[in-house]
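Just below is one structure, and these are the notes that go with it.
FYI, it's all coordinate maths here, none of it is from the lab. Only a predicted model underlies this, so the values are computations on that prediction, with no experimental measurement involved. Every residue, glycine among them, receives a Cβ derived from its backbone with ideal geometry; neighbour counts consider all protein chains shown.
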Amino acid sequence: MYKDFFHLRANPFNVNPDPRYLFLTRHTEEALACLTYGIQSRKGFVLLTGEVGTGKTTLINKLLEWLRAQQVPTAFIFNSRMNVPQFLDYMMADFGIPCDTRSKSQILLKLYNWLLERYRAGETAVLIVDEAQNLADEVLEEIRMMTNLETFTEKLLQIVLVGQTELEQKLKQPNLRQLRQRLTLRAKTHPLTLDETKSYIQQRLRIAGSNGQQIFEGDALGAIHRYSSGIPRVVNLICEHCLVSAFVDQQKVVGTGIVDAVARDFDLGDNHAAMPPLPPQTPDKFDLVDALKTISNLAERLKESERDSTKEGKL
Ligand SMILES: Nc1ncnc2c1ncn2[C@@H]1O[C@H](COP(=O)(O)OP(=O)(O)OP(=O)(O)O)[C@@H](O)[C@H]1O
Ligand SMILES: [Mg+2]
């Protein structure tokens with residue numbers, strides 16, 4: 001609704017993991033390089049972890065774009081609340097391997113033969129599992145078994161396991177140590193620094209068609225960084241709501257007053273940059289993670305109701 005007012009073609013702060021908007025920091029570049037290197041050199045197993053909302057799925061979507069452009073067969077599992085048969089069914093269907101049997105050993109045999117064919121043709125195949133912190137231990141065990149699909153010299157299937165930081169904790173469990181031992185490469189996403197947050201916001205505005213006119217005051221950008229702790233999803237939510245507020249007030253530039261009001265609405269604390277970072281796993285840290293999840297759900301609901309009202313408007 002504010003697009004024309006700010007001379008934008010698209011909504012710059014969508015919470016979808018749209019790879020067109022990917023902002024490359026040093027950490028993101030390193031993570032992407034680690035993933036592509038792991039796959040190209042057939043390392044077999046790569047782990048990507050990071051705090052909630054720091055861009056794991058966006059990065060994976062970029063990786064998927066690259067793999068599809070190279071015509072590498074991929075299976076992308078994003079619903080991790082599956083049991084073993086559902087997991088195997090979904091994987092086979094996404095790889096496009098015809099499979100009419102329910103027997104696990106038959107399914108794995110079909111997969112193995114299909115991977116061998118790919119290998120003989122000089123190709124590999126990539127299985128990406130997102131939200132892996134929610135996977136049941138039995139499914140993780142199945143994934144471990146799949147890392148055994150190999151020739152004498154090469155891994156036939158490349159597996160990328162993606163998850164929030166809880167996944168790292170999970171992999172430390174004694175029953176999953178065999179899986180942990182197979183992890184040859186680890187990549188991470190991180191919150192943005194102040195300078196990165198500023199450039200991130202400018203880049204999203206530019207991609208959405210901004211002509212470079214100032215929309216956020218310098219101080220407002222600093223406030224957004226403090227309230228969001230540099231977590232891109234929260235940056236997007238704050239920016240989106242700032243633009244809506246500014247539009248409602250018919251203000252062409254967002255100042256700190258608007259940012260403060262939006263942060264109050266979302267109950268976001270002022271995480272002052274001068275404060276030392278919280279040690280991992282303090283109760284406050286978990287509160288922040290919960291708050292992010294709540295905000296994310298709220299944003300989805302807002303989007304849905306916006307979509308519904310647009311539909312109603314069209315009828
Ligand atoms: N590097 C980035 N470049 C552009 N946008 C980003 C980046 N990182 C995150 N975002 C944006 O932040 C939002 C959240 O990103 P994403 O869904 O990828 O995070 P996530 O780490 O997968 O979160 P979760 O832990 O909840 O699965 C999305 O709107 C996404 O576009
Ligand atoms: Mg994600």
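Amide H contacts under 5 Å for PHE216: VAL254, restricted to partners 5 or more places along the chain or on a different chain, H placed in the peptide plane at 1.01 Å from N. Under the rule a/c < 1.5 gives rounded, and otherwise a/b versus b/c splits prolate from oblate, where does the stretch 88-172 land using the Cα gyration tensor? Prolate, since a/c reaches 1.5 and a/b exceeds b/c.
Listed by Cβ neighbour count within 10 Å, with the fewest neighbours leading, HIS27, HIS7 appear as HIS7, HIS27. Can you tell which of LYS43, LYS104, LYS170 shows the greatest fluctuation in a Gaussian network model of the chain with Cα springs below 10 Å? Of the options given, LYS104 has the highest mean-square fluctuation. Between VAL253 and TRP66, the simple spin-label model (points 7 angstrom out along Cα→Cβ) gives 3.9 nm. Between ASN134 and ASP89, the contour length at 0.36 nm per residue exceeds the alpha carbon distance by 14.4 nm.
Fewest neighbouring Cβ atoms within 10 Å first, the residues ASP265, ASP89 line up as ASP265, ASP89. Short to long, the 20 Å bins of the Cα pair-distance histogram for the chain hold 29, 51, 19, 0 percent of all pairs.
What the Cα atoms of the stretch 26-188 give is an Rg and a Dmax of 14.8, 46 Å.
In the elastic network of the chain, a GNM with C-alpha springs shorter than 10 Å, the most mobile of ILE238, ILE77, ILE60 is ILE77. The chymotrypsin sites (Phe, Trp or Tyr not before Pro) found in the stretch 43-107 that occupy coil by DSSP, while having at most 14 further C-beta atoms within 10 Å, are PHE78. Residue order for MET146, MET1, fewest other beta carbons within 10 angstrom first, comes to MET1, MET146.
Comparing ARG120, ARG180, ARG68 in a Gaussian network model of the chain, where Cα atoms under 10 Å apart are tied by springs, the biggest mean-square fluctuation is seen for ARG120. So for the chain, averaging the separation of alpha carbon pairs under 8 Å that are six or more residues apart and normalising by length, what relative contact order in percent results? Computed value for the chain: 25 percent relative contact order.
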